[in-house]
Amino acid sequence: MKLHELNSTPGSTHRRKRVGRGDSSGMGKTACRGEKGQKSRTGSKIRPFFEGGQIPLFRRLPKRGFKSMNHAEFHLVNLSLIDDNFEAGEVVNNETLRAKNLLGKAELPLKVLANGEISKAVTVQAEKFSAAAVAKIEAVGGKTEVIG
């Protein structure tokens with residue numbers, strides 16, 4: 001096979017639809033736009049989600065809930081994650097968690113939750129702790145330090 005002998009697969013290429021070129025083409029008269037109406041006119045553009053003047057869906061649905069402007073987001077870390085990835089005596093904070101790829105990319109403050117068990121005495125530095133997390137960490141001889 002040579003370069004000049006290459007052909008496309010039969011049926012993979014189609015001829016361009018030439019609309020508005022006379023009745024015998026089968027696409028004359030209205031040029032495949034149908035009769036009358038906004039979409040048959042030249043220059044017609046309808047924005048996305050426009051429902052023909054009917055009240056749009058996003059306006060028909062009820063508005064619910066409330067989003068506080070002062071809502072604070074945290075990286076949430078459970079005690080089970082600390083127990084699995086740190087040895088006794090180590091310091092657990094934003095930097096050490098990020099070094100072990102345990103946090104996402106966002107620069108958020110750290111909050112430690114009491115989900116899971118901890119069996120090693122570690123020093124945990126975070127912006128916030130749940131009360132149960134503090135109790136569990138101190139029960140095994142670890143320390144909690146509130147930073148920021």
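Read the figures in this text as sums done on the coordinates, not as results from a lab. Here the structure is a predicted model, which means the values were calculated and not measured. Cβ coordinates were reconstructed from backbone atoms using ideal geometry, including for glycine residues, and neighbour counts include every protein chain displayed.
If we sort 13-20, 76-83 on the protection proxy, mean other Cβ atoms within 10 Å, highest first, what's the order?
Details: 13-20: 9.0, 76-83: 18.5.
Going by the mean number of other Cβ atoms within 10 Å, highest first, we get 76-83, 13-20.
Output the antiparallel fraction of DSSP beta bridges having both residues in the chain, as a percent to the nearest 5.
On the way: 0 of 12 bridges.
Antiparallel: roughly 0 percent of the beta bridges in the chain.
What does the charge count around Val140 come to, taking other residues whose C-beta lies under 11 Å from its C-beta (Lys +1, Arg +1, Asp -1, Glu -1)? Before the final figure, lay out the partial values.
Working: positive: Lys120, Lys136, Lys143; negative: Asp83, Glu117, Glu138.
That works out to 0.
Please compute, for the alpha-carbon atoms of the range 35-74, the extent along each of the three principal axes and give them in descending order in Å.
So the extents along the principal axes, rounded to whole Å, are 57, 21, 12.
Within a Cβ distance under 14 Å of Gln38, other residues only, what is the Lys/Arg minus Asp/Glu net charge? Don't jump to the answer; show the numbers that get you there.
On the way: positive: Arg33, Lys36, Lys39, Arg41, Lys45, Arg47; negative: Glu35, Glu51.
Net charge in that neighbourhood comes out at +4.
Under 10 °C and 1.306 mPa s, how fast does the range 75-146 diffuse according to Stokes-Einstein, given a Kirkwood radius computed over C-alpha pairs? Answer in µm²/s, whole number.
Numbers: Rh = 11.8 Å.
My calculation gives 135 µm²/s for D.
Which order do peptides 52-64, 125-137, 90-102 fall in by mean Cβ count within 10 Å, highest first?
Descending mean neighbour count gives 125-137, 90-102, 52-64.
Charges on Cβ only, +1 for Lys and Arg, -1 for Asp and Glu, centred on the Cα centroid of the range 7-143; of Thr123, Val140, Gly65, which one is farthest towards the dipole's positive end?
Comparing the listed Cα positions along the dipole, Gly65 ranks first.
Check the straight Cα-Cα distances from Lys36 and name the lysines below 17 Å, setting aside those fewer than 8 residues away within the same chain.
Answer for Lys36, where 17 Å is the Cα cut-off: Lys45, listed by chain and number.
May I ask you to derive the relative contact order of the chain, considering only C-alpha pairs under 8 Å and at least 6 residues apart, and to give it as an integer percent? Can you show the working numbers first?
Working: 165 pairs, mean separation 22.9, N = 148.
Worked out over the chain, it gives 15 percent.
Return the FRET efficiency for the residue pair Thr30, Met1: r is the Cβ-Cβ distance, R0 is 41 Å, and the value is rounded to the nearest 0.05.
Values: r = 46 Å, r/R0 = 1.12.
With a Förster radius of 41 Å, E is 0.35.
Given 0.36 nm per residue, what is the gain on full extension from Thr96 to Arg16 after removing their alpha carbon distance, in nm? Can you show the working numbers first?
On the way: separation 80, 0.36 × 80 = 28.80 nm, distance 6.09 nm.
Residue separation times 0.36 nm, minus the Cα-Cα distance, leaves 22.7 nm.
Loop only per DSSP, at most 13 neighbouring Cβ atoms within 10 Å: give me the GluC sites (Glu not before Pro) in the range 1-77, ordered by residue number.
Values: sites: Glu5, Glu35, Glu51, Glu73; in loops: Glu35, Glu51, Glu73.
Those satisfying the criteria are Glu35, Glu51, Glu73.
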